[in-house]
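Colleague: Got a structure here, written out as structure tokens. Questions coming.
The values are calculated or read from the model by the stated rules, or taken from the named source; none is laboratory data. In this text the structure is predicted, and so the values were computed from the model without any measurement. Reconstructed Cβ throughout: ideal geometry from the backbone, glycine too, with neighbour counts over all protein chains shown.
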Amino acid sequence: MMANKNEMAINSIKMLGIDMIAKAESGHPGIVLGSTPILYALYMNELNVLAKKPNWMNRDRFVLSCGHGSAMLYSMLHFAGFDISLDDLKRFRDVDSFTPGHPEINDTLGVDCSTGPLGQGIATAVGMALAERYFENICRSVDKKSNLVDYYTYVLCGDGDLQEGISYEALSFASAQKLNKLVVIYDSNKVQLDGEVKNAFTEEVEERFESLDFNVITVKNGNSVSDITSALKDARKSDMPSIIIVNTKIGKDAENEGTNLVHGKPLSKEEVLNLKQKYKLPLDPFAYSEDIKNYVTDNIIKRVNKKFEKWQLEYNQAKESRNKDLVGIINLIEKGEFFVDFDSTNYQINEKYCEEGIISNQKAMNFLAPKTRFFLGGSADVSSSTKTIIDKSGLMSYENPTGRNIAFGVRENAMGAILNGMALSGLRVYGSTFLAFADYLKPSMRMSAIMNLPVTYIFTHDSVSIGGDGPTHQPIEQLTMLRSIPNMTVFRPADINEIIGAWEYVAKNKGPVSIVVSKEKLNILKHTNGKYVKYGAYIVRKEKYHLDGIVVATGSEVPTALKIAEELFTQGIDLRIVSMPSMELFLKQNPVYEEKLLPKDVKTITLEAGSTLMWHRFASNSKCALGIDTFGISGKKEDALKFVGFDYNSLLMKIKNMFESN
């Protein structure tokens, strides 16, 4: 009888997903018909989640990396009792609905992560598992028997996920970290959008993951809930990350089952009716047995409630104990509360200070780091160059799970996605590499911005001035790329004052940030102020007698602009110099502030060692946007800058000519 109910429930979930796709006239029926038994076994028998407590901090996390299967997920969540109504399902893929085309983070509705770009979900899940281990071991440093944080992270993926390079980057990292609470479920149906998988992907997946030291489990019958459940239970016993390879048939029972024709095209009305008749289900759209839905919901609640109630006792004790670390973890995971006393005015810098921008950035990071255990990160194998090491903290590893310096290896894209997973779990995290390599990170940064996650990206070696490494390492278009990402705040500070101001913004705001710092030595500038960084731009040299023109500069070009202004002042040209550490924050200010800083009737020149594309917004005309729109060249710093026309003398003459030609 129970087997019949399970079968009816699975078929009901399938057809609810198919009805959603049919109504939307868009979606992916193949995965719904082929993979629902996987999701059913997970939610029904193993995943510790409660619809009535959707934000339970110790719930298991689930990531649908193959996000095109969203209709299946929403249908399953509806049956599991989450607050996704039948009306919500009917609005699948509608604007401003709770059921978008690919899952978007909404923990109230049971969606732990936004997914869609293949491979990203896998890598993000790795970050979730890493964060869980970090929190768990902090708790156990207080109480060795603590189970306050003790959950698993599951991720469902398909062939496309494993073909994306980011998945291998991330899973290789997961293996090195021995993240045994990460369980990857691979829906192996041997078909992808353009045809059979073997046309593009012929490797032995089992052997690949065995070589990664994963715990490899194979389920031959992807329709067997009992076999899938048994595999899930085995995965929980492993001391290494697990992959469960489930052999399924895409579009099972559809006319084109087992082919790519059923991957991303809605079924015909006749096919939908035929399937419902075959499954002995109501023929009307979105109709199902309430008894079957209640059977699923009640069984999940009954199974998980016992674990929740036991955990609740420890949770209450932890809150009553007022232990700083335990209460901090609770507030962080439950409410996203990240409080740190960080004020840029507290740091007095000697007026003779002169150090590389990367050293100043390291100092600023280490002003922040001692104030909270929940700030950590690493680099893509360049921390010795980017100087992004947290002092007095070791390297994170299986043996040292609370180390705050993470060796991501040369895995930039995975680093970004792993950081996203950690941020989704409540942590404040950072990752670093050279600015020229920001493009490797772009897909992950985009997901940081879409989910509005507090991830800080630190980019160093920020201009042609690095010289000898040549054009492959000299960034030109990268600042424009970063600024083009909606919801990404980009800082290019001019000295240590502005660097500290950028970190104050990071500490007090939520959302993705890119901090771009120079390898060059930077003097502390006379009129820079960390408190003004939040306005995006401010005056660092006011005209002395008459405003002849304005130069807007960023980063290491600010001292150059100041030097040029002093020279031209002796020649009768009086310039205002504006430092613009963040274009995004400046554009958010009141228009009155912008007009006060940059009057429209005054010639305005912009100066930055990169693409001029976004500076036409501020420059008086195209010739007034001074930058570098060609690739660099290998050579000594001075020679490289001269080659691209960005050395001091060249810039001085260009700016001087702009006024003398009037």
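Colleague: Given the conditions (1) within 24 Å of residue 422 (Cβ to Cβ); (2) in a loop (DSSP other than H, G, I, E, B), and given that residue 73 satisfies all but one, which numbered condition is not satisfied?
Modeller: So residue 73 meets the others, but not (2).
Colleague: Considering segment 366-414 alone, what residues qualify as being at positive phi and of a type outside the set (Gly, Ala, Ser)?
Modeller: Passing the criteria: 381, 387, 392.
Colleague: If we only count helices (runs of 4 or more DSSP H) wholly inside segment 150-261, which ones have 3 or more residues that are without any contact (Cβ under 8 Å) to a residue 24 or more places away in the chain and not assigned by TED's automatic domain parsing to the domain that holds residue 34?
Modeller: Where helices (runs of 4 or more DSSP H) fall fully within segment 150-261, none carries at least 3 residues being without any contact (Cβ under 8 Å) to a residue 24 or more places away in the chain and not assigned by TED's automatic domain parsing to the domain that holds residue 34.
Colleague: Please enumerate the residues belonging to segment 275-310 that are closer than 14 Å to residue 18 by Cβ, in a helix (DSSP H, G or I) and free of Cβ contacts under 8 Å to residues at least 12 places away in the same chain.
Modeller: Across segment 275-310, the qualifying residue is only 277.
Colleague: Looking at residue 41, is it at pLDDT below 95 and under 24 Å from residue 233 (Cβ atoms)?
Modeller: When the stated conditions are applied, residue 41 does not pass them.
Colleague: Another question, then. Filter segment 74-112 down to the residues that are free of Cβ contacts under 8 Å to residues at least 60 places away in the same chain, more than 21 Å from residue 452 (Cβ to Cβ) and of a type outside the set (Gly, Ala, Ser) and list them by number.
Modeller: 74, 77, 82, 83, 84, 87, 88, 91 - these are the residues of segment 74-112 that are free of Cβ contacts under 8 Å to residues at least 60 places away in the same chain, more than 21 Å from residue 452 (Cβ to Cβ) and of a type outside the set (Gly, Ala, Ser).
Here is a yes/no grid of residues against (1) in contact with a strand residue (DSSP E or B) (Cβ under 8 Å, 6 or more places away or on another chain); (2) closer than 23 Å to residue 425 by Cα; (3) not charged (D, E, K, R):
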{"position": "78", "(1), (2), (3)": "no, no, yes"}
{"position": "89", "(1), (2), (3)": "no, no, yes"}
{"position": "92", "(1), (2), (3)": "no, no, yes"}
{"position": "98", "(1), (2), (3)": "yes, yes, yes"}
{"position": "102", "(1), (2), (3)": "no, yes, yes"}
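Colleague: Scan segment 18-33 and report the pairs whose first residue is touching a residue at least 12 places away in the same chain (Cβ under 8 Å) and among the small types (Gly, Ala, Ser) and whose second residue is buried (at least 22 other Cβ atoms within 10 Å of the Cβ) and part of a helix (DSSP H, G or I), with Cβ atoms within less than 6 Å and a gap of 6+ or a chain change.
Modeller: 27/21; 27/71; 30/262
Colleague: In addition: Show the residue pairs meeting these rules: Cβ distance below 6 Å; 6+ apart or different chains; first residue within segment 318-347 and farther than 22 Å from residue 143 by Cβ; second residue assigned to a loop (DSSP other than H, G, I, E, B).
Modeller: Sorted first by the residue in segment 318-347, then by its partner, the pairs are 340/372.
Colleague: Can you spot a residue in segment 624-632 that is without any contact (Cβ under 8 Å) to a residue 24 or more places away in the chain, within 16 Å of residue 477 (Cα to Cα) and among the hydroxyl-bearing types (Ser, Thr, Tyr)?
Modeller: no
Colleague: Look at residue 27 and say whether it is at pLDDT 95 or above, closer than 20 Å to residue 285 by Cβ and surrounded by 22 or more Cβ atoms within 10 Å (Cβ to Cβ).
Modeller: It is true that residue 27 is at pLDDT 95 or above, closer than 20 Å to residue 285 by Cβ and surrounded by 22 or more Cβ atoms within 10 Å (Cβ to Cβ).
Colleague: Something else: Pick from 4, 48, 106: which is modelled with pLDDT of 95 or more and polar (S, T, N, Q)?
Modeller: 48
Colleague: Which of (1) under 22 Å from the mean Cα position of the chain (by Cα); (2) in contact (Cβ under 8 Å) with a residue 24 or more places away in the chain is the odd one out, the single condition residue 146 does not satisfy?
Modeller: (1)
Colleague: Still on this model: Any residue at all in segment 79-93 that is closer than 21 Å to residue 221 by Cβ and either over 29 Å from the mean Cα position of the chain (by Cα) or of a type outside the set (Val, Ile, Thr) (or both)?
Modeller: No, segment 79-93 has no match at all.
Colleague: Moving on. Here is a check on your reading of the model: is residue 93 among the charged types (D, E, K, R) and buried (at least 21 other Cβ atoms within 10 Å of the Cβ)?
Modeller: Considered against the rule, which asks whether it is among the charged types (D, E, K, R) and buried (at least 21 other Cβ atoms within 10 Å of the Cβ), residue 93 comes out as no.
Colleague: I've got another one for you. For segment 520-597, list the helices (runs of 4 or more DSSP H) that sit wholly inside it and hold at least 2 residues that are within 22 Å of residue 348 (Cα to Cα); which are they?
Modeller: Passing ranges, in order: 557-569.
Colleague: Which members of segment 635-662 meet the condition of being touching a Leu at 6+ places or on another chain (Cβ under 7 Å) and over 26 Å from residue 547 (Cβ atoms)?
Modeller: 647
Colleague: Please go through (1) among the small types (Gly, Ala, Ser); (2) under 30 Å from residue 59 (Cβ atoms); (3) free of Cβ contacts under 8 Å to residues at least 40 places away in the same chain for residue 384 and return the number of the only condition it doesn't satisfy.
Modeller: Condition not satisfied by residue 384: (2).
To keep it simple, each residue is scored yes or no on (1) surrounded by 14 or more Cβ atoms within 10 Å (Cβ to Cβ); (2) of a type in the set (Gly, Ala, Ser); (3) under 20 Å from residue 242 (Cβ atoms).
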position: 174; (1), (2), (3): yes, yes, yes
position: 178; (1), (2), (3): yes, no, yes
position: 188; (1), (2), (3): yes, yes, yes
position: 191; (1), (2), (3): yes, no, no
position: 195; (1), (2), (3): no, yes, no
position: 200; (1), (2), (3): no, yes, no
position: 210; (1), (2), (3): no, no, yes
